[in-house]
Amino acid sequence: MSLFRTKSVEQSIRDTEAPEHRLRRDLSALDLTVFGVGVVIGTGIFVLTGQVAKDKAGPAVALSFILAAVVCGLAALCYAEFSSTVPVAGSAYTFSYATLGELPAWIIGWDLILELALGAAVVSVGWSGYLASLLDSGGITLPAEISHPPGEEGGVVNIPAIVLVLAVTALLVAGVKVSSRVNAVVLTIKLAVVFLVIIAGLFFIKGDNYTPFIPPQKSTPEVEGAAAPLMQVLFGITPVSFGWLGIFAAISIVFFAYIGFDIVATAAEEARDPQRDLPIGLIGSLIITALLYAAVSLVVVGMQNYTELSEAAPLADAFKAVGHPGFATVISFGAVAGLTTVVLILLLGQSRVFFSMSRDGLLPAWLAAVHPRFGTPYRSTIMMGAIVACLAGFIPLAKLAELVNIGTLFAFLVVSIGVMVLRRTRPDLPRAFRTPLMPLTPILSVLACLFVMMNLPLETWYRFLAWMGIGVLVYLAYGRSHSRLKKGLKA
C-alpha cells in the first residue's frame, strides 16, 4: 500500500513555503489567460482547419471545433477546481499525489514529462520549417543540412530549432514575469495576423461554398495493422467522413488544436491569487481560442470550396486562390510568431512538473533548487531545455508526435477522476471554484477523453504503454526509496 500513499493538500502547500523551494508569485489572471491562449493558438489555426474541412467535416468544421472545445471545457472545469484548491506547481501530477497516491502520481508526472518535452521539440521543428519558408520568400535560403529534421530532405541537424529552444530556456530562467511579457508581445503579433486573416477573408466569402453545410456521409477505407485506430480494432467501427458522424469523428482530430491550455495549471504556484486567477485563466483561454478557431474555419471554407482546400497551407492557398498571394507571407510570419510562444509555454509547464517531482524526492532533489535572484527553478529548466534542444535538433520526431496527444488525454482523464475522489475524501477543503454538476461533469469528461483516445492508432498505444512501463521501473529503482513523503512518514 506504500505505493498509494497520498500527500495531503496541506503538506503540498507547506512545501511551497520552504525558502529554498519558493517560487515568485508574479502572474495575474490576465497573464495566465495569455499563457493559455498563447499555447493553443499555434499551427492548428493555420493548418488543421483546412485538413479537417476537406477530409472529415466539410463546411461544418466550425461545429467540430466548438464540440472539441466543449470536451476540453469539461476537463477545464475539473482542472479549475483542483488548481484553485491545491495551488501548487505540477498540475495533474500534484493533483494525483493528493488523491490517487504516489505511484499514480509518478506515472502521470512521467507521462507529462514525455508529453511536454516531445510537444516542445515537435513544435520547434515546425517553427524551423516556417522560418525557412519565410526567409526563402525574402531571398535567403538556409542549407537543407542545417534546417531540416535529421533524415528528411537531406537534413543532418536542425540548427534553427536548437537555437529557438535554447533562447526560450534562457528566457524562462530569467523569470516568469519576463517570460509573460515576451509572450504577451508575441501573442499580440500572432492575434493581429489571425484577425487580419478573418477580416480580410470576409471580403472573399462566397455563399455557395457553404452548400451543403453538412455534406452527405460516406465511408472511408479501413486502416490496416498498427496504424488502425483502437476503436476499429475493438468494435469493427470503420471511420466515416462528412455527415454528423463525420463531424463527431473530426472531434478526435481538432481536439489536439486545444492541447496545452492545461499548462495554466502548472503555473499555479506563481499566481498572485490562485483561487481567483486560475479558473479565469483556464476557462477564459479556452473560450477565446474556441471562438478564434471557429471564426477562422468559417472564413476559410467560405473563401474556397472545401473539396479544393490545401492540406499543407489552407489559409495561405485560399488567399492565393482569390488572387492575393501576399497574404501567404503574412500568414507564415504569424505562424513563426505563434510557434515561438507555444515552445515557451510548453517548456514552462515542463520545467514546473520536473521541479515539483524533484521537490518531492521522486527525481534528484538538487534539481528543485530555485534561483536566488530570478525566483525560477533554473536547474530543472536548463536540464529540460537541453534535452528538448537535443530532441529537436538530432532526432526524427514524426512518428512520436501522437504521443503528445495520448499523454494529454491521459492527464485529463486522471484529473477528472481525481476531482471526484477529493470531493469524497476531503469534503472539508475550502474550494474557491467548484466544478458544476458534480459528478456528471467529470464523468462526461472521462467518457469524452476515452472516446478521443480510442480514435488514436494502435502504434501510439504501444509506444505510450512502453513509456509508462519504463516509468514504473524508474520509480521502483529510484523514486520509491527517495520519496520525501516516505521519509517523513518514517520520521
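Mind listing whichever residues of the stretch 262-280 are out of contact with any strand residue (DSSP E or B) (no Cβ under 8 Å at 6 or more places or on another chain) and at pLDDT below 90?
Passing the criteria: 262, 263, 264, 265, 266, 268, 269, 273, 274, 275, 276.
Are any of the residues in the stretch 52-59 in contact (Cβ under 8 Å) with a residue 24 or more places away in the chain, of a type outside the set (A, V, I, L, M, F, W, C) and at positive phi?
yes
Considering only residues that are surrounded by fewer than 24 Cβ atoms within 10 Å (Cβ to Cβ) and either in a helix (DSSP H, G or I) or among the hydroxyl-bearing types (Ser, Thr, Tyr) (or both), which ones fall in the stretch 337-367?
337, 358, 365, 366, 367
What number of residues in the stretch 419-474 are in a helix (DSSP H, G or I), among the small types (Gly, Ala, Ser) and in contact (Cβ under 8 Å) with a residue 60 or more places away in the chain? Before you say what the answer is, go through the steps one by one.
Of all residues in the stretch 419-474, those in a helix (DSSP H, G or I) come to 419-425, 440-453, 458-474.
Filter once more, keeping what is among the small types (Gly, Ala, Ser): 445, 448, 466, 469, 471.
Those left that are additionally in contact (Cβ under 8 Å) with a residue 60 or more places away in the chain: 445, 448, 471.
Qualifying residue count, the stretch 419-474: 3.
Under 7 Å between Cβ atoms, which residue pairs at least 6 apart in sequence (or on different chains) link something in the stretch 160-179 that is of a type in the set (D, E, K, R) with a partner that is modelled with pLDDT under 95?
As it stands, the answer is 177/26, since those pairs meet every condition given.
Report, by residue number, each residue of the stretch 1-42 that is at pLDDT below 80, of a type in the set (Gly, Ala, Ser) and closer than 30 Å to residue 341 by Cβ.
Of everything in the stretch 1-42, just one residue is at pLDDT below 80, of a type in the set (Gly, Ala, Ser) and closer than 30 Å to residue 341 by Cβ, namely 42.
Restricting to the stretch 260-282, count the residues that are of a type in the set (A, V, I, L, M, F, W, C) and either touching a Gly at 6+ places or on another chain (Cβ under 7 Å) or on the phi > 0 side of the Ramachandran plot (or both). Quick ask: steps written out before the conclusion?
Residues of the stretch 260-282 that are of a type in the set (A, V, I, L, M, F, W, C), as a first pass: 261, 263-265, 267-268, 271, 278, 280, 282.
The next check asks that each one be either touching a Gly at 6+ places or on another chain (Cβ under 7 Å) or on the phi > 0 side of the Ramachandran plot (or both); those that pass are 261, 263-264, 282.
So the count comes out to 4.
Being closer than 15 Å to residue 343 by Cβ, at pLDDT 85 or above, polar (S, T, N, Q) and part of a helix (DSSP H, G or I) is the filter here; which residues of the stretch 150-205 pass it?
169
Go through (1) under 30 Å from residue 90 (Cα atoms); (2) within 21 Å of the chain's Cα centre (by Cα) and name the single condition residue 275 misses.
Here residue 275 meets the rest and fails (2).
Looking at the stretch 214-225 only, could you name the residues that are in contact with a helix residue (DSSP H, G or I) (Cβ under 9 Å, 6 or more places away or on another chain) and either loosely packed, with under 13 Cβ neighbours inside 10 Å or without any contact (Cβ under 8 Å) to a residue 40 or more places away in the chain (or both)?
First, pick out the residues of the stretch 214-225 that are in contact with a helix residue (DSSP H, G or I) (Cβ under 9 Å, 6 or more places away or on another chain): 214-218, 220, 222-223, 225.
Across the stretch 214-225, the qualifying residues are 216, 217, 218, 220, 222, 225.
So which residues in the stretch 202-256 are in contact with a Leu (Cβ under 8 Å, 6 or more places away or on another chain), within 27 Å of residue 287 (Cβ to Cβ) and small (Gly, Ala, Ser), if there are any at all?
Within the stretch 202-256, 252 is the sole residue that qualifies.
With the checklist (1) outside any helix (DSSP H, G or I); (2) touching a helix residue (DSSP H, G or I) at 6+ places or on another chain (Cβ under 9 Å) in hand, flag the one item residue 105 doesn't pass.
Unmet for residue 105, out of (1) outside any helix (DSSP H, G or I); (2) touching a helix residue (DSSP H, G or I) at 6+ places or on another chain (Cβ under 9 Å): (1).
Would you check if residue 318 is surrounded by fewer than 20 Cβ atoms within 10 Å (Cβ to Cβ), of a type in the set (A, V, I, L, M, F, W, C) and in contact (Cβ under 8 Å) with a residue 24 or more places away in the chain?
No: the conditions fail for residue 318.
Taking the conditions exactly as written (under 21 Å from residue 447 (Cβ atoms), of a type outside the set (D, E, K, R), in contact with a helix residue (DSSP H, G or I) (Cβ under 7 Å, 6 or more places away or on another chain) and in contact (Cβ under 8 Å) with a residue 24 or more places away in the chain), does residue 278 satisfy them or not?
When the stated conditions are applied, residue 278 does not pass them.
Which condition from (1) under 26 Å from the mean Cα position of the chain (by Cα); (2) at pLDDT 90 or above; (3) crowded, with 16+ Cβ neighbours inside 10 Å; (4) not aromatic (Phe, Trp, Tyr) is the one that residue 439 breaks?
Only one criterion is unmet by residue 439, namely (3).
To keep it simple, each residue is scored yes or no on (1) among the aromatic types (Phe, Trp, Tyr); (2) within 30 Å of residue 237 (Cβ to Cβ); (3) modelled with pLDDT of 90 or more; (4) touching a strand residue (DSSP E or B) at 6+ places or on another chain (Cβ under 7 Å).
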residue: 435; (1), (2), (3), (4): no, no, yes, no
residue: 445; (1), (2), (3), (4): no, yes, yes, no
residue: 451; (1), (2), (3), (4): yes, yes, no, no
residue: 456; (1), (2), (3), (4): no, yes, no, yes
residue: 462; (1), (2), (3), (4): yes, yes, yes, no
residue: 468; (1), (2), (3), (4): no, yes, yes, no
residue: 473; (1), (2), (3), (4): no, no, yes, no
residue: 479; (1), (2), (3), (4): no, no, yes, no
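Being of a type in the set (S, T, N, Q), under 19 Å from residue 208 (Cβ atoms) and assigned to a helix (DSSP H, G or I) is the filter; apply it to the stretch 289-320 and report the residue that is farthest from the chain's Cα centre (by Cα).
Applying the first criterion (of a type in the set (S, T, N, Q)) to the stretch 289-320 yields 289, 297, 304-305, 307, 310.
Narrowing further to those that are under 19 Å from residue 208 (Cβ atoms): 297, 304-305, 307.
Now drop any that are not assigned to a helix (DSSP H, G or I), which leaves 297, 307.
Values: 297: 20, 307: 29 Å.
Ranking the qualifying residues of the stretch 289-320, first place goes to 307.
Is it the case, given these coordinates, that residue 69 is assigned to a helix (DSSP H, G or I) and over 20 Å from the mean Cα position of the chain (by Cα)?
No: the conditions fail for residue 69.
What is the one condition in (1) under 24 Å from residue 12 (Cα atoms); (2) modelled with pLDDT under 85 that residue 400 does not satisfy?
(1)
Restricting attention to the stretch 12-51, which residues are free of Cβ contacts under 8 Å to residues at least 60 places away in the same chain and either part of a helix (DSSP H, G or I) or in contact with an Asp or Glu (Cβ under 9 Å, 6 or more places away or on another chain) (or both)?
Of all residues in the stretch 12-51, those free of Cβ contacts under 8 Å to residues at least 60 places away in the same chain come to 14, 17-19, 30.
Matches in the stretch 12-51: 14, 19, 30.
Out of 228, 184, report the one residue that is more than 30 Å from residue 375 (Cβ to Cβ), hydrophobic (A, V, I, L, M, F, W, C) and out of contact with any Phe, Trp or Tyr (no Cβ under 7 Å at 6 or more places or on another chain).
Selected residue: 228, the only one of 228, 184 that is more than 30 Å from residue 375 (Cβ to Cβ), hydrophobic (A, V, I, L, M, F, W, C) and out of contact with any Phe, Trp or Tyr (no Cβ under 7 Å at 6 or more places or on another chain).
The values are calculated or read from the model by the stated rules, or taken from the named source; none is laboratory data. Quantities reported herein were computed from a predicted structural model and do not represent experimental measurements. Every residue, glycine among them, receives a Cβ derived from its backbone with ideal geometry; neighbour counts consider all protein chains shown.
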